[in-house]
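Remarks on the structure that follows.
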Amino acid sequence: MITETSSSVNFEYSETQLHVAESARKFARQYIQPHIMEWDEAQTFPVEVFKRAGELGFMGVLVPQSLGGSGLGYHEYIAIIEEISKVDPSIGLSVAAHNSLCTNHILMFGNEQQKARWIPRLARAEWIGAWGLTEHNTGSDAGGMNTTARKDGEHWILNGAKNFITHGKSGDVSVVIARTGDKGDSRGMTAFVVETGTPGFSSGKKEDKLGMLPVKRPNLYSTIAASRMKTGSGPWAKVLFSL
Ligand SMILES: Cc1cc2nc3c(=O)[nH]c(=O)nc-3n(C[C@H](O)[C@H](O)[C@H](O)COP(=O)(O)OP(=O)(O)OC[C@H]3O[C@@H](n4cnc5c(N)ncnc54)[C@H](O)[C@@H]3O)c2cc1C
């Protein structure tokens, strides 16, 4: 915990932070370290490790206890990611993508119904979460994305393809950013939640990669009926950078 006194800044960890870091260290050494080579060689996504992480509260770190999470703060969250990443950065990245990109986005911007449906399942790692922004040729330049969303009765129809999506193949629920306004309009993008299995949703072939195995690509979306999560009225950059 960083506390400021009149004369100095205290960088000591609190007891909770030390306890959380120790739990994450033990978890990584016991459940990840012995299997790294085996998973690497088999190009496998070890879903059971994420379920175990969910039991220990590492998959809903910032989620309030009332929604099934651990109700911890960012210091504890960083300690967890740090300890797991010391052993296997790809699992660290994976846990971070699930917590920050998917779960936190729904927690921060979803309505009460959406939170009730998705957050407790994500926090317990019953479901693994993904977040899809990047597209072929529109990585840094997200404003140029080609995936569109249009209203069709009660549903929204998404059309397009996303690339380099962590848990694109192994995820159960994805927050997907699509264009609802003109290309280049920073307010013309909207986040949708898509459950795997939604008609029209498919994930592409797994690419061979060095390290970072949970990142499967590409994840294809075509004609998906999705539940609208947030209108395009908020400033896009704020959504992106507050995660
Ligand atoms: C391990 C991993 C996991 C990922 N997981 C996800 C995920 O879960 N969800 C998701 O949506 N995406 C994910 N991505 C994609 C990631 O967000 C993109 O790779 C990133 O946005 C960069 O886009 P790009 O690869 O197309 O590179 P580019 O946009 O082509 O950029 C290439 C280089 O050019 C530089 N550059 C670009 N534009 C400019 C400019 N205007 N001025 C100066 N320099 C510039 C960049 O800084 C970079 O160095 C993941 C990527 C990796 C590697």
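Only the coordinates and a few stated rules stand behind these numbers; no lab work does. Keep in mind that what you see is a predicted model, and the values were worked out from it rather than measured. A quick note on method: Cβ atoms are made from the backbone with ideal geometry, for glycine too, and the neighbour counts reach across all protein chains shown.
Distance check, please: which entries in Lys51/Lys162; Lys86/Lys169; Lys86/Lys162; Lys86/Lys115; Lys51/Lys115 exceed 23 angstrom between their Cα atoms? Please list the in-between numbers first.
Working: Lys51/Lys162 26 Å; Lys86/Lys169 25 Å; Lys86/Lys162 29 Å; Lys86/Lys115 32 Å; Lys51/Lys115 20 Å.
Flagged as over cut-off: Lys51/Lys162; Lys86/Lys169; Lys86/Lys162; Lys86/Lys115.
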Here the relative contact order (percent) of segment 55-167, from C-alpha pairs under 8 Å and at least 6 apart, is 23 percent
Residue by residue through segment 81-95, the couplings from Karplus 6.51 cos²θ - 1.76 cosθ + 1.60 with θ = phi - 60°, in Hz, x for Gly and Pro, are 5, 5, 5, 5, 5, 4, 8, 8, x, 5, 6, x, 4, 5, 5
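In percent, how large is the relative contact order of segment 3-123, given Cα pairs closer than 8 Å and 6 or more residues apart?
26 percent
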Expressed in nanometres to one decimal, the distance between label points 7 Å along Cα→Cβ at Ser186 and Lys151 is 2.6 nm
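For Cα pairs less than 8 Å apart in space and 6+ apart in sequence, what is the mean separation divided by the residue count of segment 75-138, i.e. the relative contact order in percent? Mind showing how you got there, number by number?
Values: 37 pairs, mean separation 18.2, N = 64.
About 28 percent, as a whole number.
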Distribution output for segment 3-123: share of Cα-Cα pairs per 10 Å bin in percent, first bin at 0, values 13, 41, 29, 14, 3, 0
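Within the set of other residues whose C-beta is less than 12 Å from the C-beta of Trp127, count the net charge using Lys and Arg as +1 and Asp and Glu as -1.
Details: positive: Lys51, Arg117, Arg121, Arg124; negative: Glu126, Asp172, Glu195.
That sum, taken over residues with Cβ under 12 Å, equals +1.
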Projected onto their principal axes, the Cα atoms of segment 104-194 stretch, largest extent first, over whole-Å spans of 36, 30, 21
Listed by chain and number, the residues whose amide H is under 5 Å from that of Ala161, excluding neighbours fewer than 5 places away on the same chain and using placed H, are Thr147, Tyr221
